[in-house]
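Let me begin by presenting the structure, written as structure tokens, before commenting on it.
Just so you know, all these numbers are worked out from the coordinates, no wet-lab data involved. It should be emphasised that the depicted structure is a prediction, and the values quoted were computed from it without experimental measurement. Reconstructed Cβ throughout: ideal geometry from the backbone, glycine too, with neighbour counts over all protein chains shown.
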Amino acid sequence: MIHMSNVSKIYENGAVALDGVDVDIEKGEFVFIVGASGAGKSTFIKMLFREELPTSGVLTVNGHDVVNMSHKEVPYLRRGLGVIFQDYRLLPDKTVFENVAFAMQVIEAPRRLMQRSVNAVLDVVGLRDKYNCFPAQLSGGEQQRVAIARAIVNDPAIVIADEPTGNLDPDTSWDIMDIFKRINKAGTTIVMATHDRTIVDTMKRRVIAIEDGHIVRDELRGGYGYEA
Ligand code: ADP
Ligand code: ADP
């Protein structure tokens, strides 16, 4: 599903964010990316949906060669991915329904299919009764659930999340993790960068630890580790 071979990323200012990273992630895996601030987690995540390009190395995601890809192919790569951010990134002047439907309009889905799919994913995240609300009328946890609904409405092969619980209290974070668990159980690959030690230690999933741009640990049922 995801293959990285000797991937490095050096930003224009010379910052080495990733240095010779080798990783394979298979379909259906649930992977945590952990590491101190500045370790390279966000860069790792951003390369998966081609927000940043590797400076060198091989990167394939869901069958797409991310490095040698024409601009026309980028939407096809992204269509197979659902991306979730710490700050939700909802459209403030659109309702819950519209925020999720918007992700489908981009791929020109027929209207009835769209309504059925949006309602189905709002059920998955437990927000069907809020479909007419605007983001500002929702709690942080509810906004993140809308973002998850938007991310999964096109049935992506991979869900990519960068600190999705970073702004949420522990109880709300677990609500979010329960949704991720369900999505993963249905077969979707999940790659999630996080600082949340309790979540990582409790879930006992694959842990990839990054330090100064290097993978220093890759364990199938790992914990958060020692670094602060
Ligand atoms: P993390 O997500 O683990 O905090 P990042 O991937 O954001 O780490 O950053 C890794 C390194 O790359 C850091 O040294 C950071 O300062 C640098 N970096 C990240 N983004 C940029 C950028 N757009 N331009 C220059 N340097 C960057
Ligand atoms: P309007 O009433 O102007 O058509 P709405 O926002 O109420 O606008 O609904 C737009 C469409 O979406 C309607 O056809 C509505 O039935 C449908 N819809 C979307 N989500 C839901 C939902 N969760 N429950 C009921 N209807 C929904």
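A compact table of results
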quantity	calculated
Anisotropy class of region 131-228 from Cα gyration tensor, a/c 1.5 cut	prolate
For the chain, built as a Gaussian network whose Cα springs stay under 10 Å, the top-fluctuating residue of Ala147, Ala15, Ala39	Ala15
³J(HN,Hα) computed for each position of region 154-169 - Karplus, 6.51 cos²θ - 1.76 cosθ + 1.60, integer Hz, glycine/proline x	8, 6, x, 6, 9, 9, 10, 10, 10, 6, x, 9, x, 9, 10, 6
Dimensionless Rg ratio for the chain, taking C-alpha atoms and the 2.2 N^0.38 Å reference	1.00
Ranked list, fewest to most other Cβ atoms within 10 Å of each Cβ, for Met192, Met47, Met104	Met104, Met47, Met192
HN-Hα J in Hz across region 53-62 - Karplus 6.51, -1.76, 1.60, θ = phi - 60°, x for Gly and Pro	9, x, 6, 7, x, 10, 9, 10, 10, 6
Residue-wise HN-Hα coupling along region 101-112, computed from phi with Karplus coefficients 6.51, -1.76, 1.60 (Hz; x: Gly, Pro)	4, 4, 5, 8, 4, 4, 9, 6, 6, x, 4, 5
Qualifying lysines (Cα of each under 28 Å from Cα of Lys185; at least 8 residues distant if same chain)	Lys27, Lys41, Lys46, Lys130, Lys204
GluC sites (Glu not before Pro) within region 76-175, DSSP loop, no more than 14 other Cβ atoms inside 10 Å	Glu108
